[in-house]
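Comments concern the structure below.
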Amino acid sequence: LRGNARNCFLTGNPDSYKNLAGKGLRCLLDVPNAEVYRNEHHSSGRFCSQSSQPLGEKIPSVQISSVGQLPHHFPAWNIQIIRSFHTSPSLQAAPVPLFWIFVKPAQKLFAIILGRSIRKWWKALPPNKRELFKESARKNKWKILLGVSSLGVVFVMFYFTHLEETPITGRTRLMVFGKEHFKELSQLEYDMWMELFKSQMLPETDAGYQVVETIVGHLSESNKDIPQVSALKWVIHVVNEPAVNAFVLPNGQVFVFTGLLDAVSDIHQLSFILGHEIAHAVLEHAVKKASLVHLLDFLSLIFLTMIWAICPRDSLAVVGQWIQSKLKEFMFDRPYSRTLEAEADKVGLQFAAKACVDVRASSVFWQQMELAESIEGQPKLPEWLSTHPSHENRAEHLDRLIPEALKIRESCNCPSLSGPDPRLIFRLNMQRILELAEGRQTPNSTKQDPSKPKLDFSHT
């Protein structure tokens, strides 16, 4: 996890580029090992709560070996798994109380049966009774409108009476379920993950485990002035799994896969990602997402009943139900998930800044992910198809937040950042990639233009 990584990709060695596709991407930029942790001071800023020991002194020595691999179960990063990277597990994305897990399918089945029964009842009515029913509806249209309006008022009152203020950000959020509802579910989910990865858990003596434990401890100590951070007990679990992934359960259980440890270029990137995951738990995104899903599911039951009542055939009703579910997913569920991810990026960057992390490395990580996908030749999917922002948009969003994070870092009396900006190094290395690519496309052009200086990236 050191930043010197002399044997990593993008250090000016043309063989690294030639063998990239076959050997995988181990490291995407050569960031100098910043000394920001060694002289860390106690904070006197009003946003800060620094730990008593610098992070650099607490992190065990974990050096990249001569073949570019970390010791103790650190497999090389296989570029094929990059697209599986996500910073929240699928089950954690929208947990709900156990009662609703069993009730929701029954509700949907009831809506389908009710709508289908209404359609059959209407078809079975004689024409004269249909006309009488329509005439009665026209005569009582104001009563019907009043009843529908009353239901709408009840729904609006329910919505506004369940709004709360999000901690830290102050953004208004919908909270249908209480926090206590998720304690039991979080424990069940934790037991499930532990059972799934019981043979892959790294011991506490492992170097990777100690690095993650130190970073999480430093982040929590540096942000202990936030009640939601100090209230949770953070427990570390490092899984020997090549997937580039990490997540934090609502009860403070931290899961980090070794694939992520291989994907990051330095400790600053890893600190930001863990700060992002801690932000998910602190901001109670699981409860927020479950509340929105519950509300949307309730509304969809009304439309589901109408679809099965109006459609003349079951096949058309099935198609209508599928269209409705996809509209709900792409118009509400996924945009809201992307909003939560952006919020976690913002708060996680603040957490990292208070811990004296080089926050400029945050956007570089997502640029690396974007580069890796481009090198692999994977097609770019539109952002609206994903529950997470695209790597490119995520990097741009972090770049806009970095100036504010640097001010927070400065207010915490953190030591000045030494060395060049890692974003600049990445851009220079990208330029080097393009030069190498052009050189491969024009093998006859071996002579270098004397008017252009030769860049030595291993010393940049």
*asked:* Can you tell me the length gained on complete extension of the stretch Asn413 to Lys183, counting 0.36 nm per residue apart and subtracting the Cα distance?
replied: 79.1 nm
*For region 380-387, 3J(HN,Hα) per residue [Karplus equation, 6.51 cos²θ - 1.76 cosθ + 1.60, θ = phi - 60°, Hz, x = Gly/Pro]*: 7, 8, x, 4, 5, 8, 10, 8
*For Arg338, Arg313, write out the residues from largest to smallest accessible area, computed with a 1.4 angstrom probe and no ligands counted.*
Arg313, Arg338
*So for region 179-427, taking the charge dipole from beta-carbon charges (+1 Lys/Arg, -1 Asp/Glu), which of Ser291, Cys412, His237 sits furthest toward the positive end?*
Ser291
_Cα shape, region 179-427, gyration tensor, a/c 1.5 rule_ = prolate
_Cα centroid separation, region 171-208 to region 314-388 (Å)_ = 21 Å
*In whole Hz, with x marking every Gly and Pro, tabulate ³J(HN,Hα) for region 349-356 from phi via Karplus 6.51 cos²θ - 1.76 cosθ + 1.60, θ = phi - 60°.*
5, 5, 4, 5, 5, 5, 8, 6
*With labels modelled as points extended 7 Å from the Cα through the Cβ direction, what inter-label distance (nm, one decimal) is found for Lys123 paired with Gln378?*
4.6 nm
*Using the heavy atoms of the protein chains and a 1.4 angstrom probe, tell me the accessible area per residue for region 225-318 in square angstrom.*
29 Å²
*Say R0 is 51 Å: what FRET efficiency, to the nearest 0.05, do Gln107 and Leu434 get from their beta-carbon distance?*
0.35
*Pop out the carbon and sulfur fraction of the accessible area of region 179-427 as a percent, whole number, probe 1.4 Å.*
61 percent
_³J(HN,Hα) computed for each position of region 163-177 - Karplus, 6.51 cos²θ - 1.76 cosθ + 1.60, integer Hz, glycine/proline x_ = 8, 10, 9, 5, x, 6, 7, x, 6, 6, 9, 8, 10, 7, 9
*asked:* Keeping all protein chains in the complex and leaving out DNA, RNA and ligands, what accessible area do you get for Val293 with a 1.4 Å probe, in Å² to the nearest 10?
replied: 20 Å²
*List every residue whose amide H lies under 5 Å from the amide H of Gln253, counting only residues 5 or more places away in sequence or on a different chain, with H placed 1.01 Å from N in the peptide plane.*
Val235
_Descending semi-axes in whole angstrom, ellipsoid equivalent of region 292-391, from the Cα gyration tensor_ = 40, 19, 5
*Per residue, how much accessible area does region 345-447 have with a 1.4 Å probe, in Å²?*
48 Å²
*Going from most exposed to least, what order do Lys139, Lys354, Lys328 have by accessible area with a 1.4 Å probe?*
Lys139, Lys328, Lys354
_Given charges at beta-carbon only (K, R positive; D, E negative), |dipole| of region 179-427 in Debye_ = 640 debye
*Search the structure for amide H atoms under 5 Å from the amide H of Thr166, placed 1.01 Å from N in the peptide plane, and list their residues when 5 or more places away or on another chain.*
Arg171, Thr172, Arg173
_Accessible surface ranking that places the most exposed of Tyr190, Tyr209 first, with a 1.4 angstrom probe_ = Tyr190, Tyr209
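The values are calculated or read from the model by the stated rules, or taken from the named source; none is laboratory data. For clarity, every value in this text was computed on a predicted model and none was experimentally measured. Because the Cβ atoms are built from the backbone with ideal geometry, glycine has one as well, and the counts that use them run over all protein chains shown. To get the accessible areas, we keep the full protein, side chains included, count just its heavy atoms, and leave off ligands, DNA and RNA. Shrake-Rupley method; radii C 1.70, N 1.55, O 1.52, S 1.80 Å.
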